[in-house]
Amino acid sequence: MRRFKVYGKFLLGLFCISLIPPAAFTSVTYYYDLSREKNSLITAVARGEKRINALLSSAEATLSDVAKYVDPTDPEASDLLQREVYNEPLFREIGIIDGNGYLTMTNLGKLDSPIFIEPERRANLNDENLQILGPLKTSLMQEKSLILTLPVVERGEINVLVDPSILTADWGSSIQEDLGPEGYFAYINQKTGEILSSLGELPSQQLPLTNRNASFIQSVVTSQNAQVLVVGGISKASILRQWRDQLLIVIPISSFCSALTIFLALRLMKQSMALDHELRIGLKNQEFIVHYQPIVNLKTGQYVGAEALIRWHHPQQGILSPNMFIPIAERTGLITLIGEWLIKTTSQELSNLFQEFSDLYISVNLSPIQVRSRSLDKVILWLRDNVFFSPARCVFEITEAVIVHNYGTTSSDTLARLRQLGARISLDDFGTGYSGLNYLHQFEVDQIKIDRFYVAAINRDPLITHILETLIDLGQKLDVTLVAEGIETEEQRKFLSERGVEYGQGWLFARPTPIGEFEAAIHRNQPQQGSKTES
């Protein structure tokens, strides 16, 4: 039943994970298309704003020059107008209208018969600013033109005719391409509401000025002189169609990713289930062994203890490290049996060495699951009743998370009971976990193990080296034993020793070895003590 719950959760998680790739691909492509089209719209409208501003500025400057320097009575006046049109290719024609409303001159020459211009086709003479009329057909230019006109006090007005298409023509990049086949783009006279020039089909029954068309994404910009609105819109339906077209490519890819995720997860689950079964058989067949890594005095080099490291001698895969099977043991609850086996086996294998070396101790790692549950009760009773193995020879290593998350709970009670038997508690991987320093002065810890991360950074990373020195200083102020892990060079040993770290372990001294090799190494390392010496 327990296994069913475990793998039921795993399968549920697997199903949820398999939905992530298609959901992610679908969402990303949609928002990417939406963002891309919005940016295209904003860019097109900004480009249009620059066009209309440039046109109006050029027209105002030209008409002001004509008003200032061209005298309609001068025989060369038409030549001057012709030169202005030649210099500014945006203009079709320049004309002068007198105070009575008659067109008297253009850049083509003086009119023998002035043409009367209807009032609705002329500027408001009470407004001295540049004004926009049209698009309109004029008497001379039989095509619709924008009329940009500038009133001149007591002289009438001067105007230029502009082809409306220049506002939407291709000036190096196509507005129509930016907005898509169903988009629109327009210049609108803000005073009259007339469309000066446009591309695409503007939405019917609603001016784009409102910017509230639900079926379009719109952008509106006002020209510098506040006369013209530059308006653009992109059809949401067009964006959705592009998105659906992309999904024809995305969905197969995301489906493949999901299938691959499921395949790998099922394979992992199958391996995990097989390893779970093999783990039980291995425990029954006594396939586990213990390797011992010496803990040495950094000043003298003598062995003072060892860390017991469990290994699985798998019949087919050879020696497996704890990282391969401890997570499975914790998930299935086998960690309790493995933990009991490790402590009892270690006490038996080291019994002779404990008699020979009175100060030798053994360090054993405890899983957080062991500490949080009552599974150590049997171990505590066994340690209490075993007359051949003193708990004082044991150091139990725990992680910082056990202290931070379980202070005042069953975990702290279990560790307190171990200390009452005479065992010591060591804080493993210190400085890399939660760093619950505010708990250390409340929780009774006998030893701190400095993680190999800090040891490897000695004299290589100034910042981490400084943090290491701070951790050492903290440990000394807490009056606990300091043990450094992962020492690989003489430089590291010397650095730690000079700063008051008493003990260490690492490949500089010895690698983890079976009991036979460990016994031989400790006999070579130091003279016998204990019962034989005392006799």
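The values are calculated or read from the model by the stated rules, or taken from the named source; none is laboratory data. The structure displayed is predicted, hence computed values, not measured ones. Here Cβ is always computed from backbone atoms with ideal geometry, including for glycine, and neighbour counts include all displayed protein chains. For the accessible areas, the whole protein counts, side chains as well, though only heavy atoms, and no ligand, DNA or RNA atoms are used. Shrake-Rupley method; radii C 1.70, N 1.55, O 1.52, S 1.80 Å.
The peptide list 483-492, 105-114, put in order of mean Cβ contacts within 10 Å with the highest first, becomes 483-492, 105-114.
List the pairs from Lys144/Lys191; Lys284/Lys378; Lys344/Lys477; Lys68/Lys110 whose alpha-carbon separation is above 28 Å, in the order I gave them.
Lys344/Lys477
Mind checking which aspartates and glutamates have their Cα closer than 14 Å to the Cα of Lys299? Skip sequence neighbours fewer than 8 apart in that chain. In chain and number order, the partners are Glu490, Glu491, Glu498, Glu502. Heavy-atom accessible area for Arg331, with the other protein chains in place and a 1.4 Å probe, reaches approximately 90 Å². Taking all protein chains as shown and a probe of 1.4 angstrom, Val45 keeps an accessible surface of around 0 Å².
Accessible surface ranking for Val304, Val296, 1.4 angstrom probe, highest first: Val304, Val296.
Treating only the Cβ atoms of Lys and Arg (+1) and Asp and Glu (-1) as charged, compute the dipole magnitude of segment 28-99 about its Cα centre; round to the nearest 20 debye.
Details: 8 positive and 13 negative charges, 142 e Å.
In debye, rounded to 20, segment 28-99 gives about 680.
Take the alpha carbon gyration tensor of segment 32-133, find the square roots of its eigenvalues, order them as a ≥ b ≥ c, and report rounded if a/c is under 1.5; if not, report prolate when a/b exceeds b/c, else oblate. Since a/c reaches 1.5 and a/b is larger than b/c, the shape of segment 32-133 is classed as prolate.
Using the Cα gyration tensor of segment 326-399, with a ≥ b ≥ c the square roots of its eigenvalues, what is the shape: rounded (a/c below 1.5), prolate (a/b larger than b/c) or oblate (neither)? Because a/c hits 1.5 or more and a/b exceeds b/c, segment 326-399 counts as prolate.
Sum up the charges of everything whose Cβ sits under 13 Å from the Cβ of Ile147, counting Lys and Arg as +1 and Asp and Glu as -1, but leave Ile147 out. Neighbour charge sum, excluding Ile147 itself: -2. When a/c is below 1.5 the answer is rounded, else prolate if a/b is larger than b/c, else oblate, so apply that to segment 449-522 with a ≥ b ≥ c taken from the square roots of the Cα gyration tensor eigenvalues. Prolate shape, in that a/c is at least 1.5 and a/b is the bigger ratio. Counting only protein heavy atoms and a 1.4 Å probe, tell me what percentage of segment 444-535's accessible area is made up of carbon and sulfur. For segment 444-535, the apolar C and S fraction of the accessible surface comes to 50 percent.
Per residue, segment 56-124 exposes 57 Å² of accessible surface when a 1.4 Å probe is rolled over the protein heavy atoms with every protein chain present.
How do Lys191, Lys236 rank by accessible surface area computed with a 1.4 Å probe, from largest to smallest?
Working: Lys191 135, Lys236 90 Å².
From most accessible down to least: Lys191, Lys236.
Using only protein heavy atoms and a 1.4 Å probe, report how much of Ser64 is accessible, in Å² to the nearest 10. Ignoring ligands and nucleic acids, Ser64 comes out at about 50 Å².
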